[in-house]
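Heads up: the structure comes next, in structure tokens.
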Amino acid sequence: MATKILTAEQVRKALYLESDADTEELEELSLIASSFIEEKTGHDFGADNPIEPLATQLAKMYIRQIYFGATAYNRDYEYSLGIEGLIVDLQNIAKEKSATT
């Protein structure tokens, strides 16, 4: 199981939510994004110290995509190209990390 890349507070800020947002939902979104990234890259970036900034950015983009794009296409929250590009970058970083361990 993936280690969360983002805290609930980081998720709340990424989604522009009020401070009283449901913490359980925020934690779940963080876990979903972290699992997605681990599945795509083969590496648990949440377990790294420090966490790779590109992984943090991808997690934010992914949760925005699923949160805001859940009901219909919204070009303001269309992150598909950026997500795909970051996945490739993180796959390369994951390969480098596995080669050095």
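Within the range 9-49, the set of residues being of a type outside the set (S, T, N, Q), more than 16 Å from residue 98 (Cα to Cα) and in a loop (DSSP other than H, G, I, E, B) comprises 15, 16, 17, 18, 20, 21, 22.
One line per residue, one yes/no per condition, for (1) acidic (Asp, Glu); (2) farther than 17 Å from residue 87 by Cα:
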| residue | (1), (2) |
| --- | --- |
| 10 | no, yes |
| 14 | no, yes |
| 18 | yes, yes |
| 25 | yes, yes |
| 34 | no, no |
| 39 | yes, no |
| 53 | no, no |
| 56 | no, no |
| 61 | no, no |
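Residues in the range 9-45 that are among the β-branched types (Val, Ile, Thr) and free of Cβ contacts under 8 Å to residues at least 40 places away in the same chain were compared, and the one that is surrounded by the fewest Cβ atoms within 10 Å (Cβ to Cβ) is 23. Considering the conditions (1) surrounded by fewer than 22 Cβ atoms within 10 Å (Cβ to Cβ); (2) within 12 Å of the chain's Cα centre (by Cα); (3) assigned to a loop (DSSP other than H, G, I, E, B), residue 6 is excluded by exactly one of them, (1).
How about the range 50-81: which of its residues are outside any loop (DSSP other than H, G, I, E, B), over 17 Å from residue 29 (Cβ atoms) and modelled with pLDDT of 90 or more? Listed by number, the residues that qualify are 53, 54.
The values are calculated or read from the model by the stated rules, or taken from the named source; none is laboratory data. Keep in mind that what you see is a predicted model, and the values were worked out from it rather than measured. Cβ: placed from backbone, ideal geometry, glycine included. Neighbour counts: every protein chain shown.
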